[in-house]
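Sharing a structure, written as structure tokens. Questions coming.
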Amino acid sequence: FAYAVALRYRQTVDEFAIYNEPNQGAWLQPQSLKGKLVAPHLYRALVQAAYPAVRTAAPDARILVGELASSGRDDRGVTRPIRPLLFLREMGCRDAHYRAIRSGRCKGFRAVPLDGLGHHPYALFQSPFQRSHYRDDAAIGDWRRLEQTLDRLVACKALAPPGALRVPVYYTEFA
């Protein structure tokens, strides 16, 4: 499907985003089952299938991963949203200290390819200069935390931006 879309629109589109807000239960389910996160691993598999397909159909296009919502919740459930920085670490099979997780859904882990991270940095009911109360949320005032998370995931080879040391962040939805 990703190949067909990229092939169809490659003459008029130079940027493709893989999915929308995969850390939100309205878009990707299950977010978690029996207390264990599932959506980051489902999304990693989608990206690993879609990225090379889009690259083949539209070699010069920029391919964004993420399109993450800026917040989540701490309680787990099929539709309960996952905080974005936790989602990124889990997608990259890294624990809170960025150590590799090699068991369960992370067995046989391969780095996640991306040209940039799409992000929706909504800061509902707070100033855009204010940092989020929760460390794993990433509203517009948390841009440093988001960039630091991405930098660490690239450094430990969980994210693989081709030919780059940093992952550029694109605010693709904001109101």
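The values are calculated or read from the model by the stated rules, or taken from the named source; none is laboratory data. Quick caveat, the model's predicted, so the values are computed rather than measured. Here the Cβ positions follow ideal geometry from the backbone for every residue, glycine too, while neighbour counts run over all protein chains shown. These accessible areas exclude ligands, DNA and RNA; they are computed on the full protein's heavy atoms, side chains included. Shrake-Rupley method; radii C 1.70, N 1.55, O 1.52, S 1.80 Å.
Anything in region 24-55 that is among the aliphatic types (A, V, I, L, M), touching a strand residue (DSSP E or B) at 6+ places or on another chain (Cβ under 9 Å) and assigned to a helix (DSSP H, G or I)? List them, or say none. Before the answer, list the steps.
Going through region 24-55, the residues among the aliphatic types (A, V, I, L, M) turn out to be 26, 28, 33, 37-39, 42, 45-47, 49-50, 53-54.
When the remaining residues are screened for being touching a strand residue (DSSP E or B) at 6+ places or on another chain (Cβ under 9 Å), the result is 37-39, 47, 50, 54.
Matches in region 24-55: Ala39, Val47, Ala50, Val54.
Return the residues of region 101-126 that are assigned to a strand (DSSP E or B) and touching a helix residue (DSSP H, G or I) at 6+ places or on another chain (Cβ under 8 Å); say none if nothing qualifies. If you could, list the steps in order and put the result at the bottom.
Taking region 101-126 first, the residues assigned to a strand (DSSP E or B) are 112-113, 116-120.
Once the filter is applied, which keeps residues that are assigned to a strand (DSSP E or B) and touching a helix residue (DSSP H, G or I) at 6+ places or on another chain (Cβ under 8 Å), region 101-126 yields Val112, Pro113, Leu117, His119.
Please indicate, with yes or no, whether at least one residue in region 49-64 is modelled with pLDDT of 95 or more, in contact with an Asp or Glu (Cβ under 9 Å, 6 or more places away or on another chain), of a type in the set (D, E, K, R) and surrounded by fewer than 18 Cβ atoms within 10 Å (Cβ to Cβ).
yes
Continuing with this model, one more query. If the Cβ limit is 7 Å and pairs must be 6+ apart or interchain, which residue in region 154-167 that is in a loop (DSSP other than H, G, I, E, B) pairs with which residue that is surrounded by 13 or more Cβ atoms within 10 Å (Cβ to Cβ) and of a type in the set (Phe, Trp, Tyr)?
These pairs meet every condition: Cys156/Tyr98.
Restricting attention to region 21-40, which residues are more than 12 Å from Leu68 (Cα to Cα) and touching a residue at least 60 places away in the same chain (Cβ under 8 Å)?
Lys36, Val38
Okay, moving on. I'd like to verify a number: residues in region 134-171 that are open to solvent by less than 100 Å² (accessible area, probe 1.4 Å), closer than 17 Å to Leu86 by Cβ and not aliphatic (A, V, I, L, M), how many?
8
Quick check: is even one residue across region 66-80 within 19 Å of Leu37 (Cα to Cα), open to solvent by 10 Å² or more (accessible area, probe 1.4 Å) and either of a type in the set (Val, Ile, Thr) or assigned to a helix (DSSP H, G or I) (or both)?
The answer is yes; a qualifying residue exists.
Let me ask another. Among the listed residues Arg110, Arg105, Arg44, identify the single one that is surrounded by fewer than 17 Cβ atoms within 10 Å (Cβ to Cβ) and either farther than 18 Å from Ala139 by Cα or of a type in the set (D, E, K, R) (or both). It would help to see each step written out before you state the result.
Working: Arg105 fails: surrounded by fewer than 17 Cβ atoms within 10 Å (Cβ to Cβ); Arg44 fails: surrounded by fewer than 17 Cβ atoms within 10 Å (Cβ to Cβ).
After ruling out the rest, the residue left standing is Arg110.
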